[in-house]
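Where a number appears in this text, it was derived from the coordinates with a stated rule and is not lab data. Everything numeric here is computed off the predicted structure, so don't read it as measured data. Because the Cβ atoms are built from the backbone with ideal geometry, glycine has one as well, and the counts that use them run over all protein chains shown.
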Amino acid sequence: MNNYNTLFGQLLSQVKRPEFDKLCKTMESDKFRKDFNTWDQFVVMAFAQITRQNGLRSIQNAMNCQKKSFYHLGLNKEIKRSTISYANKNHGSEFFESLYYQLFSTLERGARKLTEKKLYAVDATTIGFSLNDFPWAKFRSTKSGVKIHVKYDVGESVPEYLFITNAEEHENNTLGKMNLKKGDIVTFDKGYNNYAQFSDFCDNGVYFVTRLKDNASYKVIKRRKTHTTKISSNHIIQFTGQVAKSKCPNELRRIRTVDNETGSAIILLTNMISCSAEKVAEIYRKRWHIELFFKTIKQNLKIKRFYGTSENAVKTQIWIAMIVYLLYIMLKKSTGSITKCFTHFISEISVSLFQRIDLNLWFAGSSPPVSVHAPDVSCMQFEFCL
């Protein structure tokens with residue numbers, strides 16, 4: 001007899017129900033709800049994310065066709081699209097934001113040496129909307145949209161902090177909101193140019209690496225020798241522009257390096273005075289990890305087309321998408337398997353959600369024979385895909 005829960009049930013079991021229910025009670029998220037509580041909403045929207053349903057009707061039909069498969073998750077009644085729509089519109093997305101951070105706090109993160117600093121990449125991605133359907137998110141005369149601002153832990157491949165704003169919010173206003181601490185290293189593109197923030201980082205022991213703006217005015221305080229062809233200049237500088245100097249009087253470092261792929265020169269700005277120029281250049285190259293993260297979630301999760309048009313519905317869908325990604329990271333950590341990327345994980349689990357095999361073994365690439373009571377899909381099919 002096969003005693004395994006479905007793969008979907010095992011994946012969601014990483015969300016501990018006692019902690020989930022405690023958070024519900026604290027935030028009163030189930031207040032005024034009757035037949036469709038917060039857990040039901042979470043299960044439905046997580047299912048929609050993983051299977052990439054096109055709309056509320058397809059969510060309704062897909063879940064009601066598999067009614068028995070959801071019984072162990074507490075969904076005992078038929079799902080109605082009007083119920084999903086109402087919940088996404090009227091029940092605060094703040095609960096799922098809090099749930100993300102609750103899960104993140106339980107994530108087993110790799111041990112760092114005492115002398116090793118945390119490296120973060122900061123960036124934002126824009127999601128565009130139709131102005132007619134999403135007038136609350138207007139940021140241009142003919143467009144609307146939101147931005148997802150992310151502080152990404154490069155070493156752990158996971159967003160440590162994120163928030164959602166209207167797309168008109170400029171990036172250089174958000175660096176101070178990223179909860180950076182003394183000793184952290186952060187890298188970002190020159191769109192985040194903010195001289196006052198650079199000075200604040202220097203004063204508070206936060207190290208940064210970014211690109212120097214082309215029109216920046218500065219004077220060279222000291223020229224350092226370079227020992228490799230990849231670094232053509234290494235200078236200690238100070239801003240001379242009236243605005244820049246008044247906001248950032250600190251001595252900074254200008255490094256001219258060469259992009260390995262394009263061969264073009266890149267001018268870096270940092271307050272890491274004692275670190276080698278090669279190390280600084282390598283830190284900036286790691287900024288591309290966050291670009292790959294944005295590409296991955298946009299390709300594999302439903303964060304470009306939405307099941308509702310209200311601000312709350314949009315934020316709810318984005319936060320649950322982030323939770324699905326975090327569940328993947330948690331599974332990756334618990335199994336110790338590093339071979340299955342998120343793209344493969346989503347494409348494979350979406351067609352095997354209701355198989356009753358061990359999730360950890362399936363994720364790692366090997367699983368026990370499928371019971372005759374399981375759906376008629378061969379386990380060898382998934383081994384071939386890996």
Between Val186 and residues 5 or more places away or on another chain, which pairs have amide H atoms under 5 Å apart, with H built 1.01 Å from N, and which residues are they? Tyr120, Tyr207, Phe208, Val209
Cut-off 9 Å between beta-carbons: net charge of the residues surrounding Ile127, Lys and Arg +1, Asp and Glu -1: +3
Would you work out if segment 72-225 is rounded, prolate or oblate? Take a ≥ b ≥ c from the square roots of the eigenvalues of the alpha-carbon gyration tensor; rounded if a/c is under 1.5, else prolate when a/b is larger than b/c, oblate otherwise. oblate
Can you sort Cys24, Cys341 so the residue with the fewest Cβ neighbours within 10 Å comes first? Cys341, Cys24
Quick one: what are the phi-derived ³J(HN,Hα) couplings along segment 263-270, Karplus 6.51/-1.76/1.60 with θ = phi - 60°, whole Hz, x for glycine and proline? x, 7, 7, 10, 9, 9, 10, 8
Relative exposure of His170, His149, His235, judged by other C-beta atoms within 10 Å (fewest first): His170, His235, His149
Order these peptides, 171-182, 259-270, 213-224, 306-317, by their mean beta-carbon neighbour count within 10 angstrom, highest first. 306-317, 171-182, 259-270, 213-224
Quick one: of Lys247/Lys315; Lys34/Lys80; Lys31/Lys332; Lys151/Lys302; Lys147/Lys190, which pairs are farther than 24 Å apart, Cα to Cα? Lys247/Lys315; Lys31/Lys332
Please list, by residue number, every one of the chymotrypsin sites (Phe, Trp or Tyr not before Pro) in segment 5-59 that is coil in DSSP and has at most 14 other beta-carbon atoms within 10 Å. Phe32
Answer label, with mean projected area of the Cα convex hull in nm² calculated from the coordinates and candidates [x] 22.7; [y] 21.7; [z] 23.8: [x]
Hydrophobic long helices for the chain, i.e. whole DSSP H runs reaching 24 angstrom or more by Cα along the axis with Kyte-Doolittle mean at least 0.0, come out as 311-335
How big is the dipole moment of segment 189-286 about its Cα centre under a simple scheme where the beta carbon of each Lys and Arg is +1, that of each Asp and Glu is -1, and everything else is neutral? Debye, nearest 20, please. 360
For every other residue with a beta carbon closer than 14 angstrom to the beta carbon of Ile318, add +1 if it is Lys or Arg and -1 if Asp or Glu, then tell me the sum. +3
Counting other C-beta atoms within 10 Å, and keeping those with at most 14, which DSSP coil trypsin sites (Lys or Arg not before Pro) do you find in segment 130-162? Arg140
Nonlocal amide H pairs with Gly241, under 5 Å, H built at 1.01 Å: Ser217
